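The structure appears below as structure tokens.
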Amino acid sequence: MSDTSNATSACCERVAQRMFPGLALGIAVLFSPTIATAEQATTLKLVTGDHYAPFSDQNLPEGGLATHLVTYLFEQMKQPVNVDVLSWTEGYQAALNGDYAGTFPYIQSQERLAGFLFSEPLFTVSSFAYVDQSSTINARRPEDLAGLTLCLPEGFAHGFVLNELVQSGAITRITPPDLPSCFAMLQSGEADFVKINRYVARELLRNAGVPHSAIRALSFPVETLSMHFIAPRNQAGSAALIATLNQALAELQRDNEYARFIDDYLSIIYPRQIPSSSVP
């Protein structure tokens, strides 16, 4: 067996250990006395969306990287969870109504901060403005996108950087039901650009059978965003839930274990090359 095969095998074994709790070695996490044991704890209901690969997608192992990470963190907390998948709009509203203890992964916006408590970042990624390959758009900073039409699905936040431009009407936003529709509208000329991170763009194009050469990313990152687990502010247990999740996440981030966790998962999705989060 080659060195490459050995490395791949070892990587798969590490991912398998985490994907199947019975095989996982686990990580020691210090918990507050208020956290019940697995036998005593009530199963928490969580919700996420779909078609946001590699972070949340029912067609990926464990439902996507974010679902894999959140489920793993709760396992370390000895807290059983059940994760439902709804449309992003439905899941967000259901969590806000208290039908779920939390939802993920979400970037911050003023509206969301008003209704939810946010965990420490689960992921930090750079978002780029993607245009059709034939487009003559050559913006060099977010302000240069004024006068253009942005496509982002319903329920997706355009982020703090673009917020003023969208709110003032300098950028027109259209909201189809999903991201594949946005890339179709990009190619048809109905939209000028789509703002998304490279991980998601790569998966969308691959799943749609569209070559990466059909679109191009503008040279600058529109913004660097963090993705979070969020819990409704109006629920009594949300603050404690976020605090304990943060503690489990901090434990995972010690000794570079978090980076290994992410790389092990992405090596399954991208067996040849893991894409950079900061380069389009």
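The values are calculated or read from the model by the stated rules, or taken from the named source; none is laboratory data. A quick note: this is a predicted structure, and the numbers were derived from the prediction, not measured. No Cβ is skipped: glycine too gets one built from the backbone with ideal geometry, and neighbour counts run over all protein chains shown. Accessible surface areas use protein heavy atoms only, side chains included; no ligands, DNA or RNA. Shrake-Rupley method; radii C 1.70, N 1.55, O 1.52, S 1.80 Å.
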Task: Label-point separation, ARG233 to GLN93 (7 Å along Cα→Cβ), nm - done: 2.1 nm
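Given R₀ = 51 Å, FRET efficiency for VAL210-ALA114 by Cβ-Cβ distance, to 0.05? Please list the in-between numbers first.
Values: r = 37 Å, r/R0 = 0.73.
FRET efficiency, VAL210 to ALA114: 0.85.
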- [ ] Give me the percent of the accessible area of the range 138-280 that comes from carbon and sulfur atoms, probe 1.4 Å, all protein chains in place.
- [x] 47 percent
- [ ] Using Cα centres only, tell me the gap between the range 190-217 and the range 57-120 in whole Å.
- [x] 24 Å
Open item on the list: Per residue of the range 82-98, what does 6.51 cos²θ - 1.76 cosθ + 1.60 with θ = phi - 60° give for ³J(HN,Hα)? Whole Hz please, x for Gly and Pro, Karplus curve as stated.
Closed with: 10, 10, 8, 10, 10, 4, 4, 5, 5, x, 4, 5, 5, 5, 4, 6, x
- [ ] Calculate the tail of P(r) for the range 174-216: the fraction of all Cα-Cα distances greater than 11 Å, expressed in %.
- [x] 64 percent
Open item on the list: Can you give me the Kirkwood hydrodynamic radius for the range 75-155, using every pair of distinct Cα atoms, in Å to one decimal?
Closed with: 16.2 Å
TODO: Quick one: which residues, 5+ away or cross-chain, put their amide H under 5 Å from the amide H of ALA191? H built at 1.01 Å from N.
DONE: LEU186
Task: Where only alpha carbons of the range 134-265 are counted, the Rg and the Dmax (Å) - done: 18.1, 52
- [ ] Sort THR71, THR89 by accessible area with a 1.4 Å probe, largest first.
- [x] THR89, THR71
Open item on the list: Can you sort MET185, MET227 by solvent-accessible area, 1.4 Å probe, largest first?
Closed with: MET185, MET227
- [ ] Could you give the spread of the C-alpha atoms of the range 188-269 along their three principal axes, from largest to smallest, in whole angstroms?
- [x] 47, 34, 25
TODO: On each of the three principal axes of the Cα atoms of the range 38-183, give max minus min coordinate, whole Å, ordered largest first.
DONE: 59, 32, 24
Task: Gain upon complete extension [GLU154, SER134; 0.36 nm per residue less C-alpha separation] - done: 4.6 nm
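May I ask you to derive the FRET efficiency for ALA170 and ASP263 from their Cβ-Cβ distance with R0 = 51 Å, giving the value to the nearest 0.05? Could you put the intermediate results ahead of the total?
Details: r = 39 Å, r/R0 = 0.77.
For R0 = 51 Å, the calculated efficiency reads 0.85.
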